[in-house]
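**Q** Quick one: the structure is below, and I'll ask about it shortly.
The values are calculated or read from the model by the stated rules, or taken from the named source; none is laboratory data. Quick caveat, the model's predicted, so the values are computed rather than measured. A quick note on method: Cβ atoms are made from the backbone with ideal geometry, for glycine too, and the neighbour counts reach across all protein chains shown. All accessible areas refer to the heavy atoms of the entire protein, side chains included, with ligands and DNA or RNA removed. Shrake-Rupley method; radii C 1.70, N 1.55, O 1.52, S 1.80 Å.
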Amino acid sequence: MRRLPPQPDELIDRTRPLTFTFDGASVSAFEGDTIASALLAAGQHVLSRSFKYHRPRGEICGCGQCANSLVQVGDAPGVRACGHAVQSGMPVVHQNAWPSLRFDAMSVTDRIGGLLTPVGFYYKTFIRPRRLWPLYEQALRKAAGLGRLPRSRAERQWRTEYRRRHCDVLVIGGGIAGLSAALAAAERGADVVLCDEGPQLGGSLLWEGGAARVRQLAARAEQAGVELLSGASALGYFDGLVAIWQGDVLHQVRARTHIAATGAIEQPFVFPENDLPGVMLASGARRLAELYALAPGERAVVACISDSGLNSALALKAKGIQIAAVADLRTDALRRPAAIALASAGVEVLPGAAVVRAAGKGHLEEVMLAAVTPDGRAREAAQRIECDLLATSAGMMPSGSLLLQAGGQARYEPALHRFMPTVLPDGVHAAGSICGYEDVDAAELSGQIAGLQASAGSASAGTGTGTESLELRALRERLESHSAEPLTPAPAYTRDGRRGGKAFVDLDEDVTVKDMALAVKEGYDVIELAKRYTTVTMGPSQGRFSAQGSARLLGELTAVPLEEVGLTTARPPWVSVPLGVLAGRPFEPAKRSALHAEHRRLGASIRWAGDWRRAYDYGDPDGEALAVHTRAGLIDVSTLGKLIVRGPEAGELLDRLYPNVISTLQPGRIRYGVLLSDSGRITDDGTVCRLDEETFYVTTTSTGATAVEQWFSWWLADWRLQAHITDVTQGVAAMNLAGPNARMVLAKIADFDVGPESFRYLDARQGQVAGIECLLLRIGFVGELGYEIHCPGPNAGQLWAALLQAGADLGVRPFGLEPQRILRLQKQHILVGQDTDSESTPYSASMQWVVKLDKSHDFIGRWALEDAAQREPQSMLVGFTVPSGEVPTEGAVVLAEPGGAVVGQVTSARRSAQLEQSIGMAWVPPGAAFDGARITISDGQRTLEALITTKPFYDPDGAALRS
Amino acid sequence: MSFLLRCPNCGVRELTDFGFGGETSSRPSARPQSRELASYNYFRRNVAGRQREWWVHRSGCQAWFLAERDTRTNEVIWTALPADAPPVRSAGSQEGHR
């Protein structure tokens, strides 16, 4: 397309040329061009290949509404070329064509495709034989590919942010109706936000000769304090929240009242070969001419059903484009003033006529015009007219998706031949051409009315409703003279009766008239079913150009009036949006213990463990584990959940939450406990220590801290006992000093007697270690004599250093998470979530000793456990050793016999350097859950024989930890 | 889903501030029959309409509270700490909120 001489309202800045690339070749453009306008100016008329048949497709609407203009920009696929501003150096490539846009090998489906790809072909053609589906799928995905996504997140260069905004009034749509609504509401004191998807506010007036008027209105609205968002698409309405996508920002706007001023969308005609590049909406052609100074064609035919199309013909003619003919479906078209103006300018206007076929090789070359019957058949031999542009205007469809999502209703009004909003929910108003007010003054008036109504319904707007209602009444009276004009209904499908040529109802999805007819024939004869079967309206344009046309066609095919056919359900998003915009900024907070810097200094390998960054080992997991057995080790266990439960009824609360008795615990003593759900399943485990009569210190697993705190406080809220829960996990650090030398290390720096008589197994002591106030729990965490030392987080580094220093000549070594797992596995200590799952009870996990059914109290899980106690579990958690020394993969399956059925699973497995054995835990049938039983483990290619051990592998009697 | 909730302690906040505890149901007061226990553990009424439910102000004061919400429209009729909640009106419901 050539550039026109400078146009008064053009958006391009001819003093600022720039270049970018398309498929590697350099393209010149101006600042203010879209990708599409620049490509069209450079002679690139085909912007994409279609979804299914890979037919060449060109520009239609000039404003980013359809799938025809989807291109890939850098690593972003699916960019709408006619809605996206071009930037210097921008790398643009085509999508969905191979090897090139000019020659696409897959376009063969256009010629032979009818056989392979009938409507619903994914249910028919490619399903047998079933085993070949993976191959079919691979090929189909490539054929239907719409761009290429970056493979890893590292390639994702951009970041998106959420922004939350609360306001009185949100106006969606920045045309004259929206702007006047926003202004009216803001002038009455309301806090107003307005969003519009165009690069500039103003809507259709920008290219219909009213640019100055809307720009002035926008300036006034801004002065009145309206927050104006342009290039900002409202994606959907979610329980009162409207998500608005503007570049890298997702605005989440919550308004008291909403005004839908979303406009109306010009509709195309359906006729054979209606997808040829060169067939365009009249509004699209005008946009290109007015905003980007492009001649959309040199010799044009205009097809229309209303004055809007005639006006477009006049406007195009004024740009110096030859108008070969105008086909107006109205039989009385010649009486219209615009038709008279056209006739006097020498343009032939054909009343009662429509386009019945287009033709051309890769681009429009000629159209056939003929008078048609009401159902679209040519009454006469068609008149052939050469042209390179067909500008179509088949009436307006309200852009009502947001309104409908908000709970509004729309109906086809047979008298007006328009879809109109009929029911508006409370707090939602509509204005402008969405209500049929296509006249500029009427749109402005309806906007003012909506703005007044919305501001009256908002809290921070001023009072004075009495005067406002007078003002409203006056505006309403003025608007009454502008009622929506009835349209002439376009036939669903116009044709010349010759064979051949595809007539598309939906260009995005390549759905033809024939497809719809076949769907109806196969029984999908209501619109919601036909939509799902044919995918009509399901493409990127979300039915903008196909919802009304497909409904009309279905009505004709099934002889049902359009008002009964209805429309498909409006769903978000209205605009296709990158998932990254919805996801927002990646947010994975890491928790680090107070000792993190110490671990780094000691060269630990740091790994994720839930939300935590933990020291996995310090380079020698076996050596670290052996040091715990022979001398002593020190591990950071600050990640354990730590709760203080305090109050006169704290013991009662814990008695109800644990299956053993907690309230009988003496101050200074510790008990192990598991937590259960009411279905008797293990949800967490840890220790409970009584500090004094009313205070308990509860530890949980590292990953379970938050869940346990919520679990406790939930039941507390329900039972309303006199107790209080404080989660001190983040503020309190903890480390475990374990090994035969642990006592000697502690004795050096503790200010109290740590002797075996005064500080017994399962005793808790508060005292100073290295001058720091600590709580010490003597528990058997890793199976050796050990002390879990809790202290305030800020003192943890000092305590850690003091313990290592005091233990230097006694062989103390720091040990990490991996040696801890080996040590705990040697003792068959379960790891909740690793060894247990949502089906594990204390009985099946071989921990019946933690359940005290003889306790008088009810407790969470008691009833289910009473039942479980009566029955043999389906599967039992037991230890095993592998005599061959091989270590199975965690998750390997247990077989009933070699080659037999799967009866269980390995949950943990390690090699123990201390025991010089391969050890593990597995779920096995109860019949195999006895010492010495043999099981078969199938681990990928390996088959291992293992022996069951129900007692701890190391120190089964617990002599070491009690020493 | 994207509505606002009023935490009885902190005030109106976005939904994303809160954790959902599901519809309230009454924990049996005495040892139930197996069928009743299974029903309590595994079955929910899942009404389309107004329901009383538990929420926790996860990113705020950590308090558990009750709300009545219309599951079809997400209209929240009231929120209250358990002690301040209006009594359960429907016949046959037992004491307690679970």
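**Q** Sort B:47-56, A:53-62 by the packing proxy (mean of other Cβ within 10 Å over each peptide's residues), most packed first. It would help to have the intermediate numbers written out before the result.
**A** On the way: B:47-56: 16.5, A:53-62: 25.1.
Ranking, from highest mean packing down: A:53-62, B:47-56.
**Q** Between A:698, A:741, A:73, whose Cα lies farthest towards the positive end of the dipole of chain A when Lys and Arg beta carbons carry +1 and Asp and Glu beta carbons carry -1, centred on the Cα centre?
**A** With unit charges placed on the Cβ atoms, the residue in question is A:73.
**Q** On full extension of the chain, what length is gained from residue B:6 through residue B:77, given 0.36 nm per residue of separation minus the C-alpha to C-alpha distance?
**A** 24.5 nm
**Q** Could I ask something else about it? Treating only the Cβ of Lys, Arg, Asp and Glu as charged (+1, +1, -1, -1), what charge dipole size does chain B show about its Cα centre? Round to the nearest 20 debye.
**A** On the way: 14 positive and 10 negative charges, 61 e Å.
It works out to roughly 300 debye.
**Q** Quick one: Cα centre-to-centre distance for the stretch A:368-427 and the stretch A:1-64, in angstrom?
**A** What the calculation gives is 28 Å, centre to centre.
**Q** Moving on to the next point. Using only protein heavy atoms and a 1.4 Å probe, report how much of residue A:340 is accessible, in Å² to the nearest 10.
**A** Number for this one is 100 Å².
**Q** Residues of the protein assembly as shown: accessible area per residue at 1.4 Å, in Å²?
**A** Here the per-residue accessible area is 42 Å².
**Q** Same structure again: Provide a whole-number value for the mean count of partner chain Cβ atoms within 10 Å of the Cβ atoms in peptide A:858-868.
**A** Rounded to a whole number, the mean comes out at 3.
**Q** Sticking with this one: For all pairs of alpha-carbon atoms in the stretch A:490-584, what percent lies in each bin of width 5 Å, listed from the first bin to the last filled one?
**A** Over the stretch A:490-584, the share of Cα pairs per 5 Å bin runs 3, 14, 23, 24, 16, 10, 5, 4, 2, 1, 0 percent.
**Q** I'd like the mean, over residues of B:36-49, of how many other protein chain beta carbons sit within 10 Å of each residue's own Cβ.
**A** Taking the mean over all residues of the peptide, I get 2.
**Q** Which of the residue pairs A:361/A:502; A:52/A:502; A:52/A:531; A:642/A:951; A:361/A:531; A:52/A:361 have a Cα-Cα distance greater than 22 Å in the structure shown?
**A** Checking Cα-Cα distances, A:642/A:951; A:361/A:531 exceed 22 Å.
**Q** Can you tell me how the stretch A:872-963 classifies by the Cα gyration tensor, rounded, prolate or oblate, using a/c under 1.5 as the rounded cut?
**A** The shape class here is oblate.
**Q** So how far apart, in nm, are the two label points at residue A:248 and residue B:46 if each is 7 Å from Cα heading toward Cβ?
**A** Once both label points are built, they end up 4.4 nm from each other.
**Q** Determine how large the accessible area of residue A:560 is when every protein chain is in place; take a 1.4 Å probe and give Å² rounded to the nearest 10.
**A** About 50 Å², rounded to the nearest 10.
**Q** If I stretch the segment between residue A:916 and residue A:335 completely, what's the gain in nm (0.36 nm per residue apart, minus their alpha carbon distance), one decimal?
**A** 198.9 nm
**Q** Just in the stretch A:528-613: which chymotrypsin sites (Phe, Trp or Tyr not before Pro) are loop by DSSP and have at most 10 other Cβ atoms within 10 Å?
**A** A:587
**Q** Under the classification rounded if a/c is under 1.5, otherwise prolate if a/b is larger than b/c and oblate if not, where does the stretch A:268-394 fall, given a ≥ b ≥ c as square roots of the Cα gyration tensor eigenvalues?
**A** oblate
**Q** Report the relative contact order of the stretch A:490-584, percent, no decimals, based on alpha-carbon pairs under 8 angstrom and at least 6 residues apart.
**A** Reported relative contact order: 26 percent.
**Q** So in chain A, what percent of DSSP beta bridges are antiparallel if you round to the nearest 5? Write out the running numbers ahead of the final one.
**A** Values: 126 of 172 bridges.
In chain A, approximately 75 percent of DSSP beta bridges are antiparallel ones.
**Q** Would you be so kind as to list the residues of the stretch A:713-747 that have their accessible area lowered by at least 20 Å² in the full protein complex compared with their chain by itself (1.4 Å probe)?
**A** Flagged in the stretch A:713-747: A:713, A:714, A:715, A:717, A:718, A:720.
**Q** Which whole number gives the average, over all residues in A:252-261, of C-beta atoms from other chains lying within 10 Å of the residue C-beta?
**A** Numbers: counts 3, 0, 4, 0, 0, 0, 0, 0, 0, 0.
The shielding value for this peptide is 1.
**Q** Using the Cβ atoms and a cut-off under 13 Å, what net charge is assigned to the surroundings of residue A:876, where Lys and Arg are +1 and Asp and Glu are -1?
**A** Computed value for this residue: -3.
**Q** If I compute solvent accessible area with a 1.4 Å probe over the protein chains, what percent of it on chain A is carbon and sulfur?
**A** So the carbon and sulfur contribution to the accessible surface is 52 percent.
**Q** Now a separate question. Just in the stretch A:840-943: which GluC sites (Glu not before Pro) are loop by DSSP and have at most 10 other Cβ atoms within 10 Å?
**A** A:916
**Q** Shifting gears a bit: Report the Cα centroid-to-centroid distance between the stretch A:587-640 and the stretch A:177-208 in angstrom, as an integer.
**A** Going from one Cα centre to the other spans 58 Å.
**Q** I've got another one for you. Starting from the Kirkwood radius over alpha-carbon pairs of the protein assembly as shown, derive D by Stokes-Einstein at 4 °C in a medium of 1.567 mPa s and give it in µm² s⁻¹.
**A** 38 µm²/s
**Q** Still on this structure, please answer the following. What is the distance, in nm, between label points placed 7 Å from the Cα along the Cα-to-Cβ direction at residue A:962 and at residue A:216?
**A** If labels sit at residue A:962 and residue A:216, their model points lie 9.7 nm apart.
**Q** So, one more: When a/c reaches 1.5 or more, the comparison of a/b and b/c decides; with that in mind, is the stretch A:320-374 rounded, prolate or oblate per its Cα gyration tensor?
**A** Values: a/c = 3.77, a/b = 1.33, b/c = 2.84.
The shape class here is oblate.
**Q** On to the next question. For the stretch A:612-752, what is the per residue volume of the convex hull drawn over the alpha-carbon atoms, in cubic angstrom?
**A** On the way: hull volume 19.5 nm³, N = 141.
In the stretch A:612-752, the Cα convex hull volume per residue is 138 Å³.
**Q** Check which residues have an amide H placed less than 5 Å from residue A:669's amide H, if you skip close sequence neighbours.
**A** For residue A:669, the qualifying residues are A:690, A:764.
**Q** Looking at chain B, which Cys residues are left with no other cysteine's beta carbon under 4.7 Å from theirs?
**A** Lone cysteines by the Cβ rule: B:61.
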